[in-house]
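Values in this text are rule-based calculations from the coordinates and carry no lab data. Predicted, not measured: the structure shown is a model, and the values here were computed from it. When we count neighbours, we look across all protein chains shown, and the Cβ atoms used for this are built from the backbone with ideal geometry, even at glycine.
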Amino acid sequence: MTPPNRLAGGRRYVLDANALISFIEHRRVAAERVRNLMAEALRQDVPLAMSAVNWGEVLYIVWRRHGEVKAREAEVTLQQLPIAVINADRERASRAAALKHKHSLGYADAFAAELAIERGAWLVTADPEFAKVGKALSVYSLPRHEK
């Protein structure tokens, strides 16, 4: 039996913003991998996790690239997915600030890394910058999207 809050294989997953953007924008290989993680989350009844900061980042990026209407539509669609959005409280923000400073991560990226580390989860991302965090962070790498 899989322990609570873990998918098959004993892994937990935290989504970085670019993982969800890949899914929304149907980026072939990355979107398929994220879709598979979501399907497994539904089968196991164990949602994927995402920081509220990264959730907001996704909506901002969709709004910037595709307009307000698409961003609002995306938000409605995303709320139906097996994703638990985790609030950024004072303690989490302090830990994210320390990660940002220590590893020169982007602000929102620091929240994704902090949540994955705190939960002992794999961070699902296409961003190679997370390698700077080292062994403290397990990364489930997605292919990079060329702009």
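What distance in nm separates the two pseudo spin-label positions at GLN79 and TYR107, each 7 Å out from Cα along the beta-carbon direction?
2.6
Determine, for GLU91, GLU57, GLU40, the number of other Cβ atoms within 10 Å of each Cβ, and report the residues in order from fewest to most.
GLU91, GLU40, GLU57
Given charges of +1 on the Cβ of Lys and Arg and -1 on the Cβ of Asp and Glu, with all other atoms neutral, how large is the dipole of segment 76-141 about its Cα centre, in debye to the nearest 20?
180
Share of Cα-Cα pairs in the chain beyond 18 Å, in percent?
54
Take every Cα pair under 8 Å in the chain that's 6+ residues apart, average their separations, divide by the length, and report that relative contact order as a whole percent.
Once divided by the residue count of the chain, the mean separation gives 28 percent.
Suppose every K and R has +1 on its Cβ and every D and E has -1 on its Cβ; what is the size of the dipole of the chain about the Cα centre, in Debye to the nearest 20?
300
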